[in-house]
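A short worksheet on the structure shown next.
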Amino acid sequence: MLENETENLVEKKKKGRKPTTNNYFDEREEIAVRKFLLAETQEEKNKIYNEFLKDPLDKMISSIIRRYKLYRKNMSFEETHVDTHSFLMTKIDKFKPSKEKKAYSYFGTICKNYLMGQIMKDQKEINRKISYEDISSDLSNNPNFSYIIDDDNLNSEIIIKKFLEKLKNDLDKSIDDENEQKLGSAIYDLFENYSVIFPESNNNKFNKNIILFELREMTNLSTKEIRNSIKKFKKLYFDLVEELLKK
């Protein structure tokens, strides 16, 4: 069955028009990702990866490094590229396909946050005698530019789980505004995969700038539109925390 579907992908590759620069990761590649995840043997995975995913992923990673200037010190472009691609392949099996989620968006988010995290680690290594807080920018350390995702008496995983349950219920039943639907779905995706997408940290803060950047990328909404639409979800979150604290 899987072999026949893979052959159909080959036919699409042969008959379809050649992807343009902005179209290197399209429907065919999204289908290939799903076939890769369903493949039962490593041989099948390798076949799908080499024929349909390696080149598009290479292009995606190159574009991300150049577009966002995510160059690592003491590493060449090629070394940074290979390292990022290798890291991505360790996370590919964690992608959960659905009609609403795109592998391209998920993979791009993984790569960007990995690179940002590695650059911060590189800088910390170079400046061993300087604390992490001193290396970080004023914006990153200012409490006005960070979200506290948990309370001293609450477990962050419990909050996120409860928040996602309430958010999904609202998206299914009570949110009609198009921008709020887009933003709500993006927030759901981010926090459903927060432990994978965001670089590991010893503190309980998610940098507000990184989250805002990802929301703009995922929704195509402006910063102003995001700020206007996010009010509903902030209220949902704070009401939830208050409710849990009373228990």
- Checking residue 105 against (1) closer than 16 Å to residue 54 by Cβ; (2) touching a helix residue (DSSP H, G or I) at 6+ places or on another chain (Cβ under 9 Å); (3) among the hydroxyl-bearing types (Ser, Thr, Tyr), the condition it does not meet: (1)
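Only one of these is of a type in the set (Ser, Thr, Tyr), loosely packed, with under 11 Cβ neighbours inside 10 Å and at pLDDT 90 or above: 86, 98. Name it.
Working: 98 fails: at pLDDT 90 or above.
One residue alone meets the criteria, 86.
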- Check 108, 117 and return the single one that is closer than 20 Å to residue 193 by Cβ and either hydroxyl-bearing (Ser, Thr, Tyr) or surrounded by 18 or more Cβ atoms within 10 Å (Cβ to Cβ) (or both). 108
- Note on the structure: Residues of segment 40-66 being closer than 19 Å to residue 27 by Cβ and not in a helix (DSSP H, G or I), in sequence order, are none
- Within segment 90-117, which residues are without any contact (Cβ under 8 Å) to a residue 40 or more places away in the chain and assigned to a helix (DSSP H, G or I)? 90
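The values are calculated or read from the model by the stated rules, or taken from the named source; none is laboratory data. Since the structure is predicted, the reported quantities are computational estimates derived from the model, not experimental observations. Virtual Cβ from ideal backbone geometry, glycine too; neighbours counted across all protein chains shown.
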